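These notes concern the structure reproduced below.
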Amino acid sequence: MVTHSSRRRPFAWSWKDLGSDVTPDKQRLATALQEICRQLAVRSPEGMTLTHPTQAQAAEHLRISETALTRYLHGQHVPAVEVTAHIFDTAYRDARDRWNLNMTRDELLALRTRAAQERCGNCSRHRKALRAAGQKLKALQEGRDRLERTAEARSRELEAAREQVSAMKREIRAIQRTKLPAQVTEAGLRMGRRAAETETPLPVPPGPGDRQQSKNETSSPRGVISRVEELLDGGRPDRTLALLRHTAEAYAPLEIALSVALLRKNGGDELAANLVHIYGRDRSDRDVVRTALMLHEQDAVADAEALLQAAAARPR
């Protein structure tokens, strides 16, 4: 028995409006599925064929969810091959006139394949955006790797510098435990000049390679003053440079500190800076630390720092 109703068109829900974003092959598949669904013979619980079944009843008849059926008929989603074949087979079995299906099972499946393979403009844009994002991510990862390698190198350099500073601190503490000469102030220079009369050796503890091993190896303060006067007198640049090199090579830490102080006091700032640079570049770390400590104690902090920087910059 067939139930009738004149209030609305049969299978009215099957006529779906397709959005402008639905691609052509998906539109054709959705239209074909709409037509096929109108051939369904949906029955009521009492076994009567419904002329105006609802979409929910049709979905239950097809054994799929109503939401999925809506998406198929709107062209929003392409059903799987098995689902497409099941919809056709059910409608083919139910149809009173199978010519109303307007296509074969193979034709519907072929249409479904084309719709599944069809690419929309949005998909293309999304793929381009995805590729661009992937390239950006790769560049960021490479940049991160470079930064990590740089950070590791800087960490090793920092650790080496810390070890060097620790060694210098130990050296300074060792020197501080000895009896150092008077600070190289103006009063200290006067004391040095008076000491020249007796030629007392400098009270710096001896060490390996130290030139202050005997009285004959130590220049008197008068000799330091004489050398400073030679440097300040000027003359040929090559002679001045030779004097600076000899001074840096031959003079002990205290003598270098005295020389720098005298040069600064008498306007020989450039000569003092060159002497500090040459001494820091050419002398041992022990001599450099001793001299830097003496310079620091006479408030020549800038010269002490320049001396240490020159020593740190030389090749190891």
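The values are calculated or read from the model by the stated rules, or taken from the named source; none is laboratory data. Keep in mind the model is a prediction, meaning the values are calculated, not measured. We place every Cβ from the backbone using ideal geometry, glycine too, and count neighbours over all the protein chains shown. To get the accessible areas, we keep the full protein, side chains included, count just its heavy atoms, and leave off ligands, DNA and RNA. Shrake-Rupley method; radii C 1.70, N 1.55, O 1.52, S 1.80 Å.
For this structure, a couple of remarks:
- Student exercise, segment 1-104 dipole from Lys, Arg, Asp, Glu Cβ charges, in Debye to nearest 20: 280
- Taking all protein chains as shown and a probe of 1.4 angstrom, H61 keeps an accessible surface of around 50 Å².
- Per residue accessible area in Å² of segment 5-70, where ligands, DNA and RNA are left out and the probe is 1.4 Å: 54
- Separation in nanometres of the label points that stand 7 Å from Cα toward Cβ, at M103 and N266: 10.8
- Sequence-distant aspartates and glutamates (8 or more away, or on other chains) whose Cα lies within less than 13 Å of K16: E35
- Here r is the Cβ-Cβ distance between D21 and T67 and R0 is 25 Å; the resulting FRET efficiency, rounded to 0.05, is 0.85.
- For segment 33-160, projected area of the alpha-carbon convex hull averaged over all directions, nm²: 13.0
- Extension reserve of the R8-T113 stretch, reckoned as 0.36 nm per residue once the Cα distance is removed: 34.4 nm
- Inter-site label distance for A153 and S166 at 7 Å from Cα along Cβ, in nm: 2.5
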